[in-house]
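Heads up, the thing below is written out as structure tokens.
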Amino acid sequence: MEQTFIMIKPDGVQRGLVGEIISRFEKKGFSLKGLKLINVDRPFAEKHYADLSAKPFFNGLVEYIISGPVVAMVWEGKNVVVTGRKIIGATNPAESAPGTIRGDFAIDIGRNVIHGSDAVESARKEIALWFPEGIVTWQSSAHPGSTSS
Ligand code: UDP
Ligand code: MG
């Protein structure tokens with residue numbers, strides 16, 4: 001079953017949006033498979049965002065991510081990577097539709113509340129980076145999933 005890595009960024013934690021964000025993924029029907037509140041250090045944040053190291057906003061982005069605790073999560077379910085990105089909304093909150101997390105709770109691209117993996121392969125890498133200890137294995141009885149159509 002497909003999994004994605006979701007992180008509530010420091011502004012989301014500071015603003016008390018943790019429950020709201022978890023609730024949206026839960027109510028959609030996705031299954032929570034990993035969850036922890038942690039402070040990450042600079043080398044770790046730089047590794048997570050390594051693909052963006054050449055971007056002009058990279059240093060500011062790393063400062064933002066290490067500015068306070070984040071909530072790291074693994075969510076599982078059919079098409080959870082793409083659907084998770086839809087729940088999150090566009091990168092720039094000015095372009096995120098109302099009803100999405102960024103559309104409802106953010107204004108600035110530099111404080112956009114949440115991260116979600118952009119592909120199944122990056123999700124696999126990010127889950128391995130953030131959860132080296134592994135994640136809990138359990139099957140949802142409410143949403144048993146399907147292996148055939
Ligand atoms: N970001 C920024 N300025 C930009 C573009 C991105 O500060 O012009 C930040 C923003 O927090 C974004 C993160 O860098 O969420 C990662 O950028 P990416 O393009 O991967 O967007 P995402 O996948 O988070 O939507
Ligand atoms: Mg991204």
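No lab work stands behind these numbers, since they all come straight from the coordinates. What you see is a predicted model, and the numbers here were worked out from it, not measured in a lab. No Cβ is skipped: glycine too gets one built from the backbone with ideal geometry, and neighbour counts run over all protein chains shown.
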Self-check item: When the convex hull of its Cα atoms is projected in every direction, mean area for the chain (nm²)
Solution: 9.0 nm²
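Taking every pair of alpha-carbon atoms in the range 36-76, give the share separated by more than 14 Å as a whole percent.
When all Cα pairs of the range 36-76 are counted, 47 percent exceed 14 Å.
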Quiz prompt | Rel. contact order, % - alpha carbon contacts under 8 angstrom, at least six apart, the range 44-124 | solution = 22 percent
Quiz prompt | From phi via Karplus (6.51, -1.76, 1.60), per-residue ³J(HN,Hα) for the range 127-139 in Hz, x at Gly/Pro | solution = 5, 5, 5, 8, 10, x, 6, x, 10, 6, 9, 7, 10
Exercise. Apply the Karplus parameterisation 6.51 cos²θ - 1.76 cosθ + 1.60, with θ equal to phi minus 60°, to every residue of the range 95-112 and state each ³J(HN,Hα) to the nearest whole Hz, in sequence, with x for glycine and proline.
Key: 10, 7, 5, x, x, 8, 4, 5, x, 8, 10, 9, 10, 9, 4, x, 9, 9
Quiz item: Which of rounded, prolate, oblate describes the range 9-93, given a ≥ b ≥ c as roots of the alpha-carbon gyration tensor eigenvalues and a/c under 1.5 marking rounded, otherwise prolate only if a/b is larger than b/c?
Solution: prolate
Self-check item: FRET E, pair residue 58, residue 36, Förster distance 35 Å, beta-carbon r, rounded to 0.05
Solution: 0.90
Exercise. Given the peptides 45-54, 6-15, arrange them by the average over their residues of other C-beta atoms within 10 Å, most packed first.
Key: 6-15, 45-54
Quiz item: What 222 nm value per residue comes from the helices of the chain, counting each DSSP H run with n ≥ 4 as -39,500 (n - 2.57) and dividing by all residues, nearest 500 deg cm²/dmol?
Solution: -10000 deg cm²/dmol
Quiz item: Once you put a point 7 Å from the Cα of residue 15 and another 7 Å from the Cα of residue 141, both along the Cβ direction, what distance in nm separates them?
Solution: 3.8 nm
Quiz item: What dipole magnitude, in Debye to the nearest 20, does the chain give about its Cα centre under +1 on Lys/Arg Cβ and -1 on Asp/Glu Cβ?
Solution: 220 debye
Practice problem: Please give every one of the lysines within straight-line cross-link reach of residue 36, meaning a C-alpha to C-alpha distance under 24 Å, and leave out same-chain neighbours fewer than 8 residues apart. | Solution: 9, 27, 28, 47, 78, 86, 125
